[in-house]
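The values are calculated or read from the model by the stated rules, or taken from the named source; none is laboratory data. As the structure is a prediction and not an experimental result, all values here were calculated from the model. Quick reminder, even Gly has a Cβ in these numbers, built from the backbone with ideal geometry, and neighbours come from all protein chains shown.
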Amino acid sequence: MPVKCVPLSLFRTLMNPGFHPFRSGLFCAGLYRRAARRCHTLAQGGRQHPKRQTLYYLPMNINSGLLEELNKLTSGMKMNIKIKSSLLLPFFSLVATLSPLHAADTQPLPQQRTQFVNNELWPDDKGVHINAHGGGVLYHGGAYYWFGEHKVAGDAGNKAQVGVHCYRSTDLYNWTDAGIALPVSADPASDIVQGSIIERPKVIYNAATKKFVMWFHLEMKGRGYSAARAAVAVADQPAGPYTYLRSFRANAGVWPQNVTDTDKIPDKKNLLQRDFEGGQMSRDMTLFVDEDGKAYHITSAEDNRTLHIHELSADYLGYSGRYSRIFPGDSNEAPAICKYKGRYWMITSGCSGWAPNTARSAVADSIWGPWKKLPNPCTGGEAVNGVGYNKTWGGQSTFILPVSGKEGAFIALFDVWRPKDAIDGRYIWLPIQFGPDGVQIPWQDTWDLSSFK
Ligand code: GAL
């Protein structure tokens, strides 16, 4: 059988999503160990060569987003491609051998981290920037699980090309890639088909059913942000795999418990009434489990103008039918919540898409309110990302993470979005300081958990 070597440029053409015959071929990346392993992880499947540890066969169904990432990952490497086959399509078997430019095959894995480094690349156990944007963290069985939007390069990364990524850690600084917990679907009829929008995934554990329940913001492929649905998936293990269940508008045909008679009057400005029958909108969102085991879905509704807090059903897979509107007309997004000393604390942002704006905070003695508005909790860091604290250092809130075993220790998580090259988005994690009248989140380039007393 002839063996031909083809130049890198041709390899890239072959791997191009538009070049169909080869997309059904096998792609195995070898010798460059970390890249090979990373390709394998990204591909969510395939198998290792039985004898050569650095050689992986990747699955046949590689999608265009993944191809883009593989291309990015392998750019800059010296590469020889051997095509072992006759010209009989589709029986081509494509074998790629990646060789390191600087003996990187034996390159040590990233050093153990002992602090948080904000706004920089945050390498996982393989040295790849953590890909879990708009995320949330679950603590279960002695480990933390960080779930987030897996982004790809370029603006294609603003849509779901791969799925929800999960990482695991026991110290919060060092994260092991636990793979794609919920992959996008190749089925055009699926809600979560590749090219849909999957944002702000959050996972909670239901102690009664022993299931891990993921909720996320879903937008249907090709329909912009008009669907404004919540979606639910479920798993038996924290890192998944998650089984997608369904998506919906919230609490169709149910009025919130704090509805007024005026709210019920049909009027084109009355968005609660507009969405009463079909269900309330749900875009930016988070989940919260209270000490009594009741869980809540807090979400931007009514064209992002009003937050809704929905109580979940006992199995966390749907709603109980009880919900409330908070801050009507104040346009809050990116809600994140925690409970400290019996009070509920919330951080939100205003509505300016991927662009940063001023963070907000609020406090309440009951999750149902009344909620008291508090000012921007962010302080210091005058020129981080050229904007500083008054624009959340270029970031937007996504979650408040309680540190296990440390009373009063909560970390505020923010995303610095990079919509032109979504995969390059950064993370800002900062400790929250609670005072009698409010919360403060002072900027720090680096810090560690010893700052919690
Ligand atoms: C932001 C929102 C993100 C994403 C983005 C799209 O306001 O927080 O999750 O939806 O808009 O423009």
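Tell me the residue from W368, W354, W393 that is among the aromatic types (F, W, Y), modelled with pLDDT of 95 or more, within 16 Å of the ligand (Cβ to nearest atom) and assigned to a loop (DSSP other than H, G, I, E, B), please.
W354
Return the residue satisfying two criteria in turn: it lies in segment 269-287 and is under 15 Å from A227 (Cα atoms) and of a type in the set (D, E, K, R), and of such residues it is nearest to the ligand (Cβ to nearest atom). So, considering only residues that are under 15 Å from A227 (Cα atoms) and of a type in the set (D, E, K, R), the one nearest to the ligand (Cβ to nearest atom) is D284. Of the strands (runs of 3 or more DSSP E) lying entirely inside segment 122-231, the ones with 3 or more residues being under 19 Å from W429 (Cα atoms) are found at 133-140, 143-149, 163-169, 197-206.
Within segment 145-162, not a single residue is of a type in the set (S, T, Y) and either under 23 Å from R418 (Cβ atoms) or surrounded by fewer than 18 Cβ atoms within 10 Å (Cβ to Cβ) (or both). Total residues in segment 288-309 satisfying the condition of being within 16 Å of the ligand (Cβ to nearest atom) and outside any strand (DSSP E or B): the figure is 4.
Matching residues to (1) over 20 Å from T398 (Cβ atoms); (2) among the aliphatic types (A, V, I, L, M):
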position	(1), (2)
I198	no, yes
P201	no, no
K210	yes, no
M214	no, yes
A231	no, yes
D236	yes, no
T243	yes, no
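When the residues of segment 163-174 are filtered to those that are hydrophobic (A, V, I, L, M, F, W, C) and within 9 Å of the chain's Cα centre (by Cα), which remaining residue is surrounded by the fewest Cβ atoms within 10 Å (Cβ to Cβ)? It comes out as V164. If you go through segment 232-268 and keep only what is under 30 Å from G163 (Cβ atoms) and either within 16 Å of the ligand (Cβ to nearest atom) or not in a loop (DSSP other than H, G, I, E, B) (or both), you end up with V232, A233, V234, A235, T243, Y244, L245, R246, S247, F248, A250. Scanning segment 107-144 for residues that are under 25 Å from A235 (Cα atoms) and buried (at least 18 other Cβ atoms within 10 Å of the Cβ) yields D124, I130, N131, A132, H133, G134, G135, G136, V137, L138, Y144.
Do any residues in segment 182-199 that are under 18 Å from H165 (Cα atoms) have Cβ atoms under 7 Å from those of residues that are aromatic (F, W, Y) and within 16 Å of the ligand (Cβ to nearest atom), where the two are at least six apart or on different chains, and which pairs are they? Taking only residues 6 or more apart or on different chains, the pairs are I198/F216; E199/F216.
Every residue, every condition in (1) on the phi < 0 side of the Ramachandran plot; (2) within 16 Å of the ligand (Cβ to nearest atom); (3) touching a strand residue (DSSP E or B) at 6+ places or on another chain (Cβ under 8 Å); (4) among the small types (G, A, S), yes or no:
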{"position": "T114", "(1), (2), (3), (4)": "yes, no, no, no"}
{"position": "N119", "(1), (2), (3), (4)": "no, no, yes, no"}
{"position": "D125", "(1), (2), (3), (4)": "yes, no, yes, no"}
{"position": "G134", "(1), (2), (3), (4)": "no, yes, yes, yes"}
{"position": "Y144", "(1), (2), (3), (4)": "yes, no, yes, no"}
{"position": "F147", "(1), (2), (3), (4)": "yes, yes, yes, no"}
{"position": "A153", "(1), (2), (3), (4)": "yes, no, no, yes"}
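In segment 310-345, of all residues being within 16 Å of the ligand (Cβ to nearest atom) and assigned to a strand (DSSP E or B), the one that is farthest from T299 (Cα to Cα) corresponds to I337.
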